[in-house]
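Take a look at the structure set out below.
The values are calculated or read from the model by the stated rules, or taken from the named source; none is laboratory data. It should be emphasised that the depicted structure is a prediction, and the values quoted were computed from it without experimental measurement. Here the Cβ positions follow ideal geometry from the backbone for every residue, glycine too, while neighbour counts run over all protein chains shown. To get the accessible areas, we keep the full protein, side chains included, count just its heavy atoms, and leave off ligands, DNA and RNA. Shrake-Rupley method; radii C 1.70, N 1.55, O 1.52, S 1.80 Å.
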Amino acid sequence: MPAALMAFLVFIVVALASFALGSLVDQRRARARLLKERLASERKSPERAPEEELALLRDEQLSQIPALDSLLRRSERISAIQKMLAQAGMTMRAGNFLGLCAITGIVATIAVYILSKRVEVAWVALLIGFVLPYSVVSFRRNKRFEKFEELFPEAIDTLARAVRAGHAFTTALEMITNEVSEPVSGEFRQLYEEQKFGMPVRDALLNLTERMPLVDVKFFVTAVMLQRETGGNLAEILDNLSYVIRERFKIQRQVRVYTAQGRLTMAFLMALSPVVVALMLVFSPDFVRPLFSDPVGHTLLVAGITLQTVGYFVIRKIIKIQV
C-alpha cells in the first residue's frame, strides 16, 4: 500500500481512537456535572415560586461528547446536517453521522484496494464511501417529505372539521396527532407541544415550516397566521387550501405521465455504459482491459463519467417541471 494512503488511513484511525478516548473522559465529567446540577436544583426547589415559568428544553446536541459538540457547533454546515437528519426522521446526531461516514469511507477504501491493488480506485472508493451515508439520509428525507405531502390534505380536512365543530385551534392540532398517521402526526404533535408549553402559536408554526420546508406547509402557515391576525372563517380557508393542494397533486401526476419517456430515457442512458462495460469484462476481458490499465483508458474513463454526469443533470433539468 502506498505511503500516502497508509498515512491517511493511520491518521483517520488515530483520530477516531482519540475521539473515543476523549468521549469516555468527557462523558464521565458531564455526568458528574449533571448530577451536581440536579442536586443543586433539588435543594433550591422550595425557593422557586409556583407561578415561575419553566423553559421547554430540547435536546439539540450535535454530539454526546461535550468537546466535540462545542467544536461542531461552530460550523453551519454541521448544523444543516443535523437538521437534515431530523427531517429524515432519524435520531442520530451529526457527530455520530460524520463518524459513520468516516468508517464507511475507510472500509470501502481498504476493501477496494485489496481487490484492485490500485491507488486511484481506492481514492475514488474513499470518496464514494464517505458520501454514501449522506445519500441514504437524503433519500429518506425526500421519501418522508413525499409521504407528508400525501397525508397533509387529510390533516387540513381534520383541522377544518374540528374548527367547524367548535373546537379551538390548539385542540384541533391535538386531534390531528391522533387521527393522521406519521409523519404528519409527529410534526403536528411537536407543533402542539411547543405552543402548549408557552411558545407563541406564530413561532410554533414558523418552526413547522423549518422542519418541513414544503410549499404546501408554507401556504398553510401563511393562511393560519393571516386568519389569526385579520379574522375570517378558518374552516372555509382550510377547505379551500385542501382543495388547492389536491389539485396540485393531480397536475403533478399528469406531469409525471407526460415526462415518463424522458425519465425512462435518462435511466436507460445512465445504465447503458456500466452494463456494457460489465458485460465486456465477462465475455471479452482482453478487449476492455486497456480501459483500466492504460493511461489513455483512464482519461477516457474520466471523460465518460464526466459526460454521463453532465447528461444526467441536463435531462433531469428538462423533465423536472415545477407545479
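I'd like to know if the stretch 212-225 contains one or more residues that are touching a Ser or Thr at 6+ places or on another chain (Cβ under 6 Å) and open to solvent by 10 Å² or more (accessible area, probe 1.4 Å). Yes, the stretch 212-225 contains at least one residue that is touching a Ser or Thr at 6+ places or on another chain (Cβ under 6 Å) and open to solvent by 10 Å² or more (accessible area, probe 1.4 Å). Residue 243 fulfils the conditions (1) open to solvent by 80 Å² or more (accessible area, probe 1.4 Å); (2) farther than 24 Å from residue 307 by Cβ; (3) within 28 Å of the chain's Cα centre (by Cα) except for a single criterion, (3). The residue that is nearest to the chain's Cα centre (by Cα), counting only those in the stretch 274-308 that are assigned to a helix (DSSP H, G or I), at pLDDT below 85 and among the hydroxyl-bearing types (Ser, Thr, Tyr), is 299.
Right, residue 130: surrounded by 15 or more Cβ atoms within 10 Å (Cβ to Cβ), closer than 29 Å to residue 213 by Cβ and aromatic (Phe, Trp, Tyr) or not? Considered against the rule, which asks whether it is surrounded by 15 or more Cβ atoms within 10 Å (Cβ to Cβ), closer than 29 Å to residue 213 by Cβ and aromatic (Phe, Trp, Tyr), residue 130 comes out as yes.
Per the conditions (1) open to solvent by less than 70 Å² (accessible area, probe 1.4 Å); (2) under 16 Å from residue 172 (Cβ atoms), the sole criterion not satisfied by residue 193 is (1). Residues in the stretch 226-239 that are free of Cβ contacts under 8 Å to residues at least 24 places away in the same chain and either surrounded by 14 or more Cβ atoms within 10 Å (Cβ to Cβ) or closer than 18 Å to residue 207 by Cα (or both): 226, 227, 237.
Going by the structure shown, is residue 253 charged (D, E, K, R) and under 21 Å from the mean Cα position of the chain (by Cα)? Please lay out each step first, then the result.
Working: charged (D, E, K, R): yes; under 21 Å from the mean Cα position of the chain (by Cα): no.
No; evaluated as a whole, the condition is false for this residue.
In this entry, residue 271 passes the filter for residues that are assigned to a helix (DSSP H, G or I) and within 27 Å of the chain's Cα centre (by Cα). Look at the stretch 191-208: where a residue is acidic (Asp, Glu) and a partner is surrounded by 14 or more Cβ atoms within 10 Å (Cβ to Cβ), sitting 6+ places away or on another chain with Cβ atoms under 8 Å, you get 194/204; 194/207; 203/194.
Given the options 116, 181, name the one that is small (Gly, Ala, Ser) and either open to solvent by 80 Å² or more (accessible area, probe 1.4 Å) or at pLDDT 85 or above (or both).
Numbers: 116 fails: either open to solvent by 80 Å² or more (accessible area, probe 1.4 Å) or at pLDDT 85 or above (or both).
So the residue among 116, 181 that is small (Gly, Ala, Ser) and either open to solvent by 80 Å² or more (accessible area, probe 1.4 Å) or at pLDDT 85 or above (or both) is 181.
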